[in-house]
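The values are calculated or read from the model by the stated rules, or taken from the named source; none is laboratory data. Just so we're clear, the structure is a prediction, and the values are computed from it rather than from any experiment. Cβ placement follows ideal geometry from the backbone for every residue including glycine, while neighbour counts extend to all protein chains displayed.
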Amino acid sequence: MINKLRNIFISISLGYPKLTISIALFFSALFCFGFKYLEQNDDMTKLLPNDMPSIITFEEIKDEFGNYEFMYVAMGIEKQNVFNKESLKIAWDLSNEFESLNSCEEVISISTMDKMYFDQSDSSIVIDDLVQKRILSNNEIKEIEIYLNNNPEIKSRIVSKNEDFLNIVLRPTENHLYPELSREIHKITKKYENNFDFHYGGQAYVTGAVPGIVADEVKILLLCGLLLMISILLINLKSIQAVSLILLTISLSLGSMMGFMGWVYHFTLKEAFFFTLNNTSMPIVLLTIANSDGVHVISRYFKEFRKESNVTKAVELTIFHLFKPITLTSITTSSAFLCLFFSPIRGMNGYGATIAFGIMWAWFLSLTLLPSLISLLSWDQSSKSISKPSLIENMMTYFGKLVMNHPKRILSIGLSIILVSILGLFLIKVEVNYIQMFKKGNIIRDSAVFLDKHMTGNLNVLIQVTAQEGENALKKPKNLKDIDKLQNFLDSIDVVTSTLSISDVVKQLHRTIMDDDKKFETIPDSRQKINNLFWLYSINDDADISSLINNENEKTVITALMKTFSTTQMKEYNNKINNFINNEINNNDLKFELSGVMTFLTDFIYLVIESSIISIITSIILIGLISTYFFESWKFGLLSIIPLLGAVIVNFGLMGLFGIELTHMTAILSSIIIGVGVDFSIHYCSEYKDLILDNDIQKTKTTIDNVGHPILLDAFSNMGFASLMLSTIIPMAQIGGLMVFAMLACSFGTLTLLASSMEIWKNRL
C-alpha cells in the first residue's frame, strides 16, 4: 500500500507541480483562516474533568452563590497610612469605576462595605454604608477606622497588615472572559499610578493576565529561536533557496495547525480546544517536526543531485527513499500525540488532536509542495551547497566508522548514562502552582508575593455545606456551631489569612443586639433566637447574604483565603481539612464538599502524573506496534523505540537531578521527546533495512552517512529554541533548556544506542 501511495505522490508532484502547489497553498490558506476563531483561556477549571468532585462542587457553588473566582487590586503607598482623605477618595473612585464594568458583578472594598449597629429607638438592626461619601472629614475617617478595628475579621479582608494598602475585591460576571476584565482593570488603575502603587492577584486575575504575558513573550522568543534556526540551516546548507523552502513548509504547517484549532473550537465550542498556557509548546513541537521533514528532503535532494545532473530525477529518488520513513514518522508521531486523548486533563485532548493534525499536514506539504517547488526551481550543481559535503556530513563519515569499530564500548557508555539518570527519576517533584511559575520581576509573581505578605493571599478553599434535613436546617444551633467549629479550625492553619461564612454574620448580629459586647459574638443556643436574628437582618433593605446562604437556608459556603504555598503542602492541608471534618465534626445532618483553587491544584497534581504515565506508555507501545507493522519485523519495531526510552529516561532523570519540577507544562516534554525521537529512529531503521536488501556489508557506516547529517542538522537547528530559556515563565524557560538537551539526547541516542545495538546484532536482523 505504501509503495502505491509513494508512486501516486511522485506522479502528482512531478507530473503536475503547479497544480500541486496551488492545491497545497489553497488548503493551507483555508486552514490558516481559522486562526481568527482561536480562543485563549487559562481557567484551570476548564482543564480538569467535568466529573471531578471538586469541579462539580465548584459549579454548584457558582450556580447557587455566584462566581467565587475573585480578582484583587491592592492600592496604596508603602508605609503611608491609608486612613486619609486622598486614599479613601481614590478607593471610592476606583470602586465606582470597577462597578460600572459589564464584566464585573460585584465590588467589595472599604467604599462598598456595610456597617451594622443596633438602633435602640425602634429595636432594629441598621445596615448602613461604612463610607457614605467621596470626600470625608477627619472625624468621619476616624469613625471608619474605629469600626474596622472593632471588627478585625472584616478589616483583614480590605486593609493590609501595615495599614498602608487597601484591598479592592472584584467578583467577575459569570462566564465572562478574564483577559478582557484584566485589561479593563489595568486601564482604570493606570490613571492613578503616578500617586499610588498597585498590586494584582487572585486566580481570576492570573487566568486573565497570563495569555497576554505568554503571547508577548512567546512571539519574541520564538522569533529569536527561528532566527537562530535559520542561521544554523544557512551555515550548513549554504543555500538561501533551500532554507526558504524549509521555512515555507514550516510556516504553512504552523499556520494551518493553529487555524485548525480555531476552526474546531468555532464549530464544536469544545473547551479542550482553548489555547492555554499549556499549549504554548505546540508551535515548538510542530516547528521541530516540520523542520525535520524539510531538512531530510533537502539534504537527500542535495545528495541525489550531486550524483544526478537531472533535477527531476534527483527529486524522484528523494521521494522514493524518504516517502516511507517520513510517512511512518508522521503516523507514529501523530499517533503518539493522539494518545493524549486518554489524558484525564481536558486541555490535553485538544492539544494532542491539534498537533496530530499539524504533523500530518507537514507530512503532506513535505511530500507534495516541497518536491514540486524544488522541481520548478533552478539549481547549480557546481555550487558549494551541493557539490561539497558539509562539515556535519564529513563528521558522520568518521562517526560511522567509530560505531562500526567500537559498538559495545559505545553502547556501554550510553547505558551507563541511562542508569545514572534512573536515579534522578526518584527525585522528581510535582508542582502546579501558577504563581511560582513566574520569575521575580514578573508582575504576577511580584504582586502575588506582596498579597501573600501583606494582604489575604492568592489561594482559597471553598467548602460547600449542605444540610440533609432540608429547608431552614442551617438555622439549627448545632449546625451553625459545627460550621463555626470548622471555620475556627481553618483559621488555625498557618497559611490561612481570613475566613468567612454564615456563622460570622450570625455572630455579628448576636453581638450587635447585645450592645456590641464582644463576649456575645457567639452562636446563640436557642433556635428561636437565631430565627429572630435572621428576621431582624432580612427586614433591612440593604441586607444581602445571598452569597453565603441560599434562600431555603439549607446550603451555605465557607471561604478560606490563603497564602501561596507548595504543592506538597496543598496535599497535606487538603488531607488535614478532610480528616478534621471526618473525625472532629460529629454531625450526620451536614455534608461537606471541598472545592476552590487549593483543591483544584491538589487534584491537578495527580492528573499531571497520571497524564504523563499514560502518555509515555501508550505512545511508546503504539509506536512499537506501528513500526512493527510497517517494517514487517518485530525486531525493527522494538529497536525503533530504544532511543525514545533512553531519551525519556535521561530527560526526566535530568529534571530530578537538577531539581526541575514536573508541571503540567514540563510534563509535555515526554510527548515532545517521543515525537522528535521517533523521527530520528525510524529514519535510521528505514535506511538500515533498505541496505539489508541491497546486501551492503557496511550497513551501519552507510546508514550514518545517509541519515546522520539530516538528523544532526535537524537537532542543531532546533536547538535555537534555547531562546526560550530567557522567558520569565519558569516552566517555559525550563522547556527551552530541556528541549536543547532532548534534541541532543534523541539524535545521539539514535546514532549511538540504536546504531551500536544494530551493529552488534546485525546478523540477527
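Return the residues of the stretch 322-356 that are more than 20 Å from the chain's Cα centre (by Cα) and among the β-branched types (Val, Ile, Thr); say none if nothing qualifies.
Start the filter on the stretch 322-356 by keeping residues that are more than 20 Å from the chain's Cα centre (by Cα), which leaves 322-335.
Selection gives Ile326, Thr327, Thr329, Ile331, Thr332, Thr333.
If a residue has to be charged (D, E, K, R) and either surrounded by 12 or more Cβ atoms within 10 Å (Cβ to Cβ) or not assigned by TED's automatic domain parsing to the domain that holds Ile158 (or both) to count, how many in the stretch 101-132 make the cut?
Selection size over the stretch 101-132: 5.
Step by step: first the residues of the stretch 612-641, then only those that are surrounded by 15 or more Cβ atoms within 10 Å (Cβ to Cβ), hydroxyl-bearing (Ser, Thr, Tyr) and in a helix (DSSP H, G or I), then the one that is farthest from the chain's Cα centre (by Cα). Which residue is that?
Thr628
Search the stretch 543-560 for residues being at pLDDT 90 or above and under 24 Å from Ser160 (Cβ atoms), and hand back the single one that is surrounded by the fewest Cβ atoms within 10 Å (Cβ to Cβ).
This residue is Thr559.
Write out, first by first residue and then by second, each pair whose Cβ atoms fall under 9 Å of each other, whose residues are 6+ apart or on separate chains, and whose first residue, in the stretch 140-152, is farther than 14 Å from Met113 by Cα and touching a residue at least 40 places away in the same chain (Cβ under 8 Å) while the second is among the charged types (D, E, K, R) and outside any helix (DSSP H, G or I).
From the stretch 140-152, the pairs are Asn150/Asp516.
Just checking, which of Leu425, Leu370 is in contact with a Gly (Cβ under 9 Å, 6 or more places away or on another chain), assigned by TED's automatic domain parsing to the domain that holds Phe320 and closer than 20 Å to Ile735 by Cα?
Values: Leu370 fails: closer than 20 Å to Ile735 by Cα.
One residue alone meets the criteria, Leu425.
Do we find that Leu744 is surrounded by fewer than 22 Cβ atoms within 10 Å (Cβ to Cβ) and assigned to a helix (DSSP H, G or I) in this structure?
yes
Any residue in the stretch 716-734 that is under 20 Å from Thr276 (Cα atoms) and free of Cβ contacts under 8 Å to residues at least 60 places away in the same chain sitting within a Cβ distance under 8 Å of a residue that is hydrophobic (A, V, I, L, M, F, W, C) and assigned to a helix (DSSP H, G or I)? List the pairs, counting only those 6 or more apart or interchain.
Met725/Ala733
When you look at Tyr606, is it surrounded by fewer than 21 Cβ atoms within 10 Å (Cβ to Cβ), closer than 23 Å to Gly347 by Cα, without any contact (Cβ under 8 Å) to a residue 24 or more places away in the chain and hydroxyl-bearing (Ser, Thr, Tyr), yes or no?
Against the criterion (surrounded by fewer than 21 Cβ atoms within 10 Å (Cβ to Cβ), closer than 23 Å to Gly347 by Cα, without any contact (Cβ under 8 Å) to a residue 24 or more places away in the chain and hydroxyl-bearing (Ser, Thr, Tyr)), Tyr606 qualifies.
Just to verify a result, which residue in the stretch 1-48, among those that are part of a loop (DSSP other than H, G, I, E, B) and surrounded by fewer than 15 Cβ atoms within 10 Å (Cβ to Cβ), is modelled with the highest pLDDT?
Taking the candidates together, the pick is Tyr16.
Go through the stretch 401-433 and report how many residues are of a type outside the set (A, V, I, L, M), within 38 Å of the chain's Cα centre (by Cα), in a helix (DSSP H, G or I) and surrounded by 13 or more Cβ atoms within 10 Å (Cβ to Cβ).
The number of residues fulfilling the criteria is 3.
Out of curiosity, is Leu654 surrounded by fewer than 24 Cβ atoms within 10 Å (Cβ to Cβ), free of Cβ contacts under 8 Å to residues at least 60 places away in the same chain and either under 23 Å from Leu427 (Cβ atoms) or among the aliphatic types (A, V, I, L, M) (or both)?
no
What residue, among those in the stretch 58-94 that are among the polar types (S, T, N, Q) and outside any loop (DSSP other than H, G, I, E, B), is surrounded by the most Cβ atoms within 10 Å (Cβ to Cβ)?
Ser87
Where residues in the stretch 551-598 are assigned to a strand (DSSP E or B) and among the small types (Gly, Ala, Ser), which of them is farthest from Phe489 (Cα to Cα)?
Let us first name the residues in the stretch 551-598 that are assigned to a strand (DSSP E or B), namely 555-562, 590-595.
Next, only the ones that are among the small types (Gly, Ala, Ser) stay: 560, 595.
Details: Ala560: 11, Ser595: 17 Å.
Across the stretch 551-598, the extreme among qualifying residues is Ser595.
For the stretch 673-692, name all the residues that are surrounded by fewer than 24 Cβ atoms within 10 Å (Cβ to Cβ) and either assigned to a loop (DSSP other than H, G, I, E, B) or out of contact with any His (no Cβ under 9 Å at 6 or more places or on another chain) (or both).
Lys689, Leu691, Ile692, listed by residue number.
Hey, does the stretch 334-341 have a residue that's surrounded by fewer than 23 Cβ atoms within 10 Å (Cβ to Cβ), without any contact (Cβ under 8 Å) to a residue 24 or more places away in the chain and under 23 Å from Tyr629 (Cα atoms)?
Yes, because at least one residue in the stretch 334-341 is surrounded by fewer than 23 Cβ atoms within 10 Å (Cβ to Cβ), without any contact (Cβ under 8 Å) to a residue 24 or more places away in the chain and under 23 Å from Tyr629 (Cα atoms).
Would you confirm, using the coordinates I've provided, whether Ser309 is in the same structural domain as Ser253 (by TED's automatic domain parsing), farther than 29 Å from Ala722 by Cβ and surrounded by fewer than 24 Cβ atoms within 10 Å (Cβ to Cβ)?
Yes: the conditions hold for Ser309.
Please work out if Asp714 is assigned to a helix (DSSP H, G or I) and surrounded by 24 or more Cβ atoms within 10 Å (Cβ to Cβ).
Details: assigned to a helix (DSSP H, G or I): yes; surrounded by 24 or more Cβ atoms within 10 Å (Cβ to Cβ): yes.
So Asp714 passes the test.
Go through the residues of the stretch 524-531 one by one and say whether even a single one is within 26 Å of Asn582 (Cβ to Cβ) and among the basic types (Lys, Arg).
Checked against the condition, which is being within 26 Å of Asn582 (Cβ to Cβ) and among the basic types (Lys, Arg), the stretch 524-531 yields no hits at all.
Kindly indicate which of Gln464, Gln468 is buried (at least 19 other Cβ atoms within 10 Å of the Cβ) and either aromatic (Phe, Trp, Tyr) or in contact (Cβ under 8 Å) with a residue 60 or more places away in the chain (or both).
Going through Gln464, Gln468 in turn, the sole match is Gln464.
Out of (1) under 20 Å from Ser756 (Cβ atoms); (2) in contact with a strand residue (DSSP E or B) (Cβ under 7 Å, 6 or more places away or on another chain), the odd one out for Ala647 is which?
So Ala647 meets the others, but not (2).
Output the residues belonging to the stretch 223-251 that are modelled with pLDDT of 85 or more and among the small types (Gly, Ala, Ser).
Ser231, Ser239, Ala242, Ser244, Ser251, listed by residue number.
Would you kindly identify the strands (runs of 3 or more DSSP E) lying entirely within the stretch 95-189 that contain at least 1 residues that are among the aromatic types (Phe, Trp, Tyr) and modelled with pLDDT of 90 or more?
Of the strands (runs of 3 or more DSSP E) lying wholly inside the stretch 95-189, those with at least 1 residues that are among the aromatic types (Phe, Trp, Tyr) and modelled with pLDDT of 90 or more span 165-172.
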